[in-house]
Amino acid sequence: MYAFLRSFVPPAAANALMIVWYVLLIMLIVALSPAPPGEFRYGNI
Amino acid sequence: MNQATSMFLIWIALSTVIVWSLPRLWQPWIVTMITVGFLGWFSPVSLALLLGLGVACFVTTGKQTQNRWAFAANVAVLILALVWFRVGSSLQPDDPIFTLVPLGFSYYALRLLHYLFDRWNGILSPAEPRAFFSYLFFLPTLLAGPINRFQEHDRNLRRRRWDTQNLSHGLERILYGYAKIVILGNYLVTLKLQHLIQELGDASPATAAYLDCCRYGLNLYFQFAGYSDIAIGFALLLGFRIAENFDFPFLAQNINDFWRRWHISLSAWCRDYVYIPVVSWTRNPRLGVLLSMLVLGLWHELSWRYLLWGVYHGAGIAVWQHWQTWKERFTFAPGRAARLWMATLSWAATMHFVLFSFALTKEPDLSSALQVYETLFFGWR
């Protein structure tokens, strides 16, 4: 993903966008983690 | 974030810090001890079983000269133990012996069998104890694979070094793994899609049954591929590179291609230790495929529905193999548009073949699975 961003924007902007992307993902995971895992136990780790 | 997830993340962080802060010579033993500690914490009985089997195998097959009775005894004990736990957990699912003991055992047994078969075939020489035990007791792959190979582990053990790029790639893979499990699997597929299917249920039972098979397949993929990402990322943090377990299976153009992309480490295990031996003895590839898929199915669960699931996939691959030899008789050179149509049709047929097999595994028993088929094919309103 970083390589993809680097083809459009300079390195500093690509770094900043990657940080935003990671923070967004972490926030989403924490916010949505009470959702049930369905039939599988892999979701329990 | 639930307690088990937090505990596992803490375990990943602590393992990485402990392994890299100690001298290199000790690191394989530390990797082993971390897994022993993990098993001892969550399931001491599992630890006793895995340790007992591992030590017995190492002691009896560790010499340069091969004793075929020792190999046969180890293989028989492993297969019997696997069958015993599988039968036990099917017949008495609430018995604590069967719910506690098999933690990590299914994958452990396949790794140990791979080691034994490769030793017997002369592919492997006797392993050093630190390589052998750190391979069997490797926490990232212990619980749900991928089924990494000893050669790969031993090479990693010799070449691994501290690398910040491995660290950042590992953390990224773990993050993507949790994103697949929580955002895509748990939230979008299980919560949202399931809600939609339940609303549809009364109005159009066949559409609901069809979508439920799609939901099950997508959830299985996101959960399992997510877990594989976490395992690969965790291994990278410890300096080990593990082969990929999934390669966009829902883009497969035929059923053979699907099994090269779905749970790759398990299908490669069945290819190497069931398909190739059966074909070399019988010269019958169809029988090899059928037996491989039967083993693959029954390894998941010893039940009629998984037996049928194995036969279904085995027959699918056998028919595809037959089709490949049959179509070579004809000289047919389609144009670009025709090739595109054929590829699309082939993809749609493969996905529906796989989708219909999910009805067998998503239901608790065979009669419920047959009811799903009845709704799927005759429940249109």
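The values are calculated or read from the model by the stated rules, or taken from the named source; none is laboratory data. Computed from a predicted model, the values in this text were never measured in an experiment. When we count neighbours, we look across all protein chains shown, and the Cβ atoms used for this are built from the backbone with ideal geometry, even at glycine.
Numbers at a glance
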{"item": "Filtered residue count, the range A:1-38, keeping only those that are facing chain B (nearest Cβ under 7 Å) and at pLDDT below 85", "result": "5"}
{"item": "Residue in the range B:246-265 that is closer than 18 Å to B:A179 by Cβ and crowded, with 20+ Cβ neighbours inside 10 Å present", "result": "no"}
{"item": "Hits in the range B:283-292 (condition: within 25 Å of B:I123 (Cα to Cα) and surrounded by 18 or more Cβ atoms within 10 Å (Cβ to Cβ))", "result": "B:G288, B:V289, B:L291, B:S292"}
{"item": "Selection status of B:A179, more than 10 Å from chain A (Cβ to nearest Cβ), touching a Leu at 6+ places or on another chain (Cβ under 7 Å) and crowded, with 17+ Cβ neighbours inside 10 Å", "result": "no"}
{"item": "Entirely in the range B:42-150, the helices (runs of 4 or more DSSP H) that have 2 or more residues that are modelled with pLDDT of 85 or more and of a type outside the set (D, E)", "result": "B:44-61, B:68-91, B:105-120, B:129-136, B:139-142"}
{"item": "Qualifying residue in the range B:270-282 (condition: surrounded by fewer than 16 Cβ atoms within 10 Å (Cβ to Cβ), of a type in the set (A, V, I, L, M) and in a helix (DSSP H, G or I))", "result": "yes"}
{"item": "Filter result (closer than 30 Å to B:A13 by Cβ, facing another protein chain (nearest Cβ under 8 Å) and of a type in the set (S, T, N, Q)) within the range B:182-238", "result": "B:N186, B:T190, B:N219, B:Q223"}
